[in-house]
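Structure first, then comments.
Taken together, the values in this text are just the output of simple stated rules run on the coordinates, not laboratory data. Computed from a predicted model, the values in this text were never measured in an experiment. Reconstructed Cβ throughout: ideal geometry from the backbone, glycine too, with neighbour counts over all protein chains shown.
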Amino acid sequence: MRAVGLYRYLPIEDPESLVDVEVPKPEARGRDLLVRVRAVSVNPVDTKVRAPKEQVEVQPRILGWDAAGVVEAVGEAVSLFSPGDEVYYAGSNVRPGCDSEYHLVDERIVGRKPRNLSFEEAAAMPLTTLTAWEVLFDRMVVPRAGEGPARSVLSVLIIGGAGGVGSIAVQIARQVAGLRVLATASRGESAEWCRSLGADEIIDHRQPFAEQFQRLGEPLVDYILCFNSTEQHVQNMADVIKPQGKIGCIVGAKGNQPIPINVFMRKSVAFCWELMFTRPDFQTPDMQAQHEILNAAADLYENGTLRSTMRESLGPLNAETLRRAHARIESGRTIGKLVLAGI
Ligand SMILES: NC(=O)c1ccc[n+]([C@@H]2O[C@H](COP(=O)([O-])OP(=O)(O)OC[C@H]3O[C@@H](n4cnc5c(N)ncnc54)[C@H](OP(=O)(O)O)[C@@H]3O)[C@@H](O)[C@H]2O)c1
């Protein structure tokens, strides 16, 4: 089957950084689905895995952890899906990625594709939806709308509101959790995008947060979601979180530098990590939660509560289009999601 992969870890400008390859078509066993991939999207994890280093692969390494497609065949232990089902999923980063014609994925981390979304619109969503949903509801245990105090009482600040994760988190925080949403954006275009998704207020992540809160007359927030440059925002977060608030963080500090979480002690702030790959990578007993989250989100896409954050399709997947997508992600300025149609 056709795929796009790498043998060497090179800067994205190098034509050898991602190459078109032929690899054997895999076979579904156990709880795996064999999916005919119809569209993929690109995330910063792809560019982080591809980052230049000395290592050389004997077999091509295939990246890509966001797909939508059609189940072609199922393993003998599969019970949730059948051939012909349309699905969307992120997958596991300890297995080959989905930048290929066919792909194997464990059924427990796969959802049914929302019927009202195209394959490209659906491929934009799984990894970011899982991340935003898990951090809010599984890690920070934020109440859903109607479960806790009224919406006007609880608020969240989303750092990196226009990025892939921020774009769906703004919607989930507002529509599912019923929170007042403040988002950060540094440009007119990204600020406008956040507002169109439901953000109530925008602040600039290039300026100190506390001063902007004061200028806007914003009270301190109950929750913060840190989706970008954690090391840069530690003091910002300490300044604007409420006493006894909670912070959900998805990005480790650059260069593995320590994060000085002492700054949160005086306010007794809870600091929670979220890694979307934890469940699939460790095969945790509750890994099927990802199947349930993606199905719950499919209902919300279908009834119009949530919308796809796809902004652009770069055409059919091949080494050239994928290199373009990686270069765009590496710029750190993409808004919403970039997708590619299947090979
Ligand atoms: N732990 C997990 O499970 C998990 C899952 C998904 C992603 N991640 C990680 O989360 C990060 C964000 O992912 P993503 O897909 O949302 O990225 P993305 O789409 O590439 O984010 C782009 C956005 O980041 C904003 N941004 C740039 N510099 C910023 C800064 N210093 N502070 C705040 N925002 C800034 C930009 O806004 P402006 O243009 O307005 O400046 C831009 O819209 C990545 O590091 C990714 O690897 C982790």
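For this structure, a couple of remarks:
- Computed [θ] at 222 nm, helices only, for the chain once each DSSP H run of length n ≥ 4 contributes -39500 (n - 2.57): -7000 deg cm²/dmol
- In range of the label at Gln244: residues from segment 204-228 whose backbone nitrogen is under 13 Å from the point 7 Å along Cα→Cβ: 222
- Along the chain, longest interval not containing exposed GluC sites (Glu not before Pro), exposed being DSSP loop plus at most 13 other Cβ atoms within 10 Å: 148-343
- Given Lys48/Lys113; Lys48/Lys337; Lys113/Lys337; Lys25/Lys53; Lys25/Lys113, the pairs whose alpha carbons are separated by over 25 Å: Lys48/Lys113; Lys25/Lys53
- Distance in nm between pseudo-label sites at Ser186 and Ala270 (7 Å out along the Cβ direction from Cα): 3.1
- Potential extension, Ala77-Asn318 segment - 0.36 nm per residue separation minus Cα distance: 83.5 nm
- Counting every other Cβ atom within 10 Å of each residue's Cβ, Ser167, Ser17, Ser331 order from fewest to most as Ser331, Ser17, Ser167.
- In nm, spacing of pseudo-spin labels at Glu147 and Glu302 (7 Å Cα→C-beta vector): 2.2
- Here Lys242 is the anchor, and the aspartates and glutamates within straight C-alpha reach of less than 15 Å, apart from those fewer than 8 places off in the same chain, are Glu218, Asp222.
- Stretch gain in nm, segment Glu22-Ser229, where the contour uses 0.36 nm per residue and the Cα spacing is subtracted: 70.8 nm
- Relative contact order (%) - criterion: Cα under 8 Å, at least six apart; region: the chain: 21
- The trypsin sites (Lys or Arg not before Pro) found in segment 238-326 that occupy coil by DSSP, while having at most 12 further C-beta atoms within 10 Å, are Arg266.
- Unpartnered cysteines - no second Cys beta carbon under 4.7 Å - across the chain: Cys98, Cys194, Cys272
- Ordered by the number of other Cβ atoms lying within 10 Å of each residue's own Cβ, fewest first, Tyr301, Tyr7, Tyr89 fall into the sequence Tyr7, Tyr301, Tyr89.
- His233, His103 arranged by Cβ crowding within 10 Å, fewest neighbours leading: His233, His103
- Our estimate of slack between Arg333 and Arg29, defined as 0.36 nm per intervening residue step minus the Cα-Cα distance, is 105.4 nm.
- In this structure, Asp281 and Asp200 have a Cβ-Cβ separation that, at R0 = 25 Å, corresponds to a calculated FRET efficiency of about 0.10.
- Overall form of segment 166-293: oblate. Here a/c, set by the Cα gyration tensor axes a ≥ b ≥ c, is 1.5 or more, and a/b is not larger than b/c.
- Computed about the Cα centre, the dipole magnitude for the chain is approximately 700 debye when only Lys and Arg (+1) and Asp and Glu (-1) carry charge, each at its Cβ.
- Proximal lysines relative to Lys246, as straight alpha-carbon distance under 25 Å, when same-chain residues fewer than 8 apart are discounted: Lys254, Lys267
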